[in-house]
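Participant: Attaching a single structure in structure tokens format; questions to follow.
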Amino acid sequence: MKPQPRSNAKPSTNPKPSTKSTASTKSTRAAALLAAFAKVYPEAHCELGFSSPLELLVATILSAQCTDKRVNMVTPALFKKYPNARAYAEAPQAELEKQIQSTGFFRSKAKNLRSMAADLVSKHGGKVPATMDDLTALAGVGRKTANVVLGNAFAISEGVVVDTHVRRLSRRLGLTRHTDPAKIEADLMKLIPRSQWAVFSHWLIWHGRRRCFARKPDCDSCEVQHLCPSAFKAV
Ligand code: SF4
């Protein structure tokens with residue numbers, strides 16, 4: 001028997017829903033999430049302890065592959081021992097390594113801290129610069145670290161912090177389909193008003209730490225479950 005041409009096939013009565021988010025559904029969802037998170041986490045803030053741009057820059061470098069809690073255990077003594085950029089630049093590598101050992105990857109972190117501080121001394125008179133270009137030109141400072149420092153120490157929004165939580169949650173919440181942090185950041189910058197870039201990343205980080213865990217998200221208790229396309233599906 002000859003196969004029937006495809007054009008004669010009956011249309012499905014149960015089409016699969018599209019998994020693609022249109023630009024308008026994304027922006028509607030983003031607006032609803034902003035309103036919801038503002039109520040859930042009105043006190044959200046950077047959880048690293050600091051009292052100056054240099055302290056925040058150092059703490060953020062130490063926070064790579066480490067919890068803020070652990071960093072906050074190390075930094076009070078560190079900040080006391082190295083009160084300015086010159087002190088880090090002139091610190092012996094082994095001494096600095098010992099001081100930050102418990103944050104992990106301490107050899108490369110100590111090397112980065114010394115190089116970054118040497119750049120601050122030689123190019124910026126020991127001060128932390130307040131632009132994305134100047135910050136990312138420092139040794140060991142990437143866009144994520146620069147965004148943390150600009151947003152929290154200088155209240156300047158040049159971008160959105162995309163750390164591991166922001167990366168995971170922005171995908172689960174259907175705000176981006178990308179995995180590359182630079183592309184995720186570009187998507188979020190289009191969806192979120194500039195005045196909320198800093199607080200939005202705090203909200204995602206707080207939610208990632210309190211509800212939307214990497215392995216077992218607590219969708220049952222999640223305050224934004226009604227807005228989440230991954231509710232009870234994310235693993
Ligand atoms: S519903 Fe689940 S997957 Fe979605 S944000 Fe909440 S915890 Fe995460």
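Participant: Could you rank the peptides 110-117, 33-40, 149-156 by their average count of other C-beta atoms within 10 Å per residue, with the highest value first?
Facilitator: 110-117, 149-156, 33-40
Participant: Round to the nearest 10 and give me the degree value, 0 to 90, for the angle of helix 23-40's Cα axis relative to the longest principal axis of the chain.
Facilitator: Value to nearest ten degrees: 50.
Participant: Using only Cα atoms, figure out Rg for segment 129-177 and give it as a multiple of 2.2 N^0.38 Å.
Facilitator: This ratio for segment 129-177 stands at 1.25.
Participant: Taking 7 Å along the Cα-to-C-beta vector as the label spot, tell me the Ala214-Ala182 distance in nanometres, rounded to one decimal.
Facilitator: Output for this residue pair reads 2.3 nm.
Participant: Based on the alpha-carbon gyration tensor of the chain and its eigenvalue square roots a ≥ b ≥ c, which shape applies: rounded if a/c is under 1.5, prolate if not and a/b is larger than b/c, or oblate?
Facilitator: In terms of gyration-tensor shape, prolate.
Participant: Test of understanding: what is the full-extension gain from His124 to Leu34, defined as 0.36 nm times their sequence separation minus their Cα-Cα distance?
Facilitator: That pair, His124 and Leu34, stretches by 28.7 nm at full extension.
Participant: Please label the shape of segment 62-152 as rounded, prolate or oblate, based on the square roots a ≥ b ≥ c of the eigenvalues of the alpha-carbon gyration tensor (a/c under 1.5 means rounded; beyond that, a/b larger than b/c means prolate, else oblate).
Facilitator: Oblate.
Participant: Can you give me the angle between helix 53-62 and the longest principal axis of the chain, using Cα atoms only, in degrees from 0 to 90, rounded to the nearest 10?
Facilitator: For helix 53-62, the angle is close to 60 degrees.
Participant: Working from the alpha-carbon coordinates of segment 109-205, get Rg over Rh, Rh being the Kirkwood radius.
Facilitator: Computed over Cα atoms, the ratio is 1.02.
Participant: Can I ask one more? Roughly how tilted is helix 181-191, in degrees to the nearest 10 and between 0 and 90, from the longest Cα axis of the chain?
Facilitator: 70
Participant: Another question, then. If you average the C-alpha positions of segment 125-202 and of segment 55-86 separately, how far apart do those two centres end up, in angstrom?
Facilitator: So the two Cα centres are separated by 19 Å.
Read the figures in this text as sums done on the coordinates, not as results from a lab. Keep in mind that what you see is a predicted model, and the values were worked out from it rather than measured. When we count neighbours, we look across all protein chains shown, and the Cβ atoms used for this are built from the backbone with ideal geometry, even at glycine.
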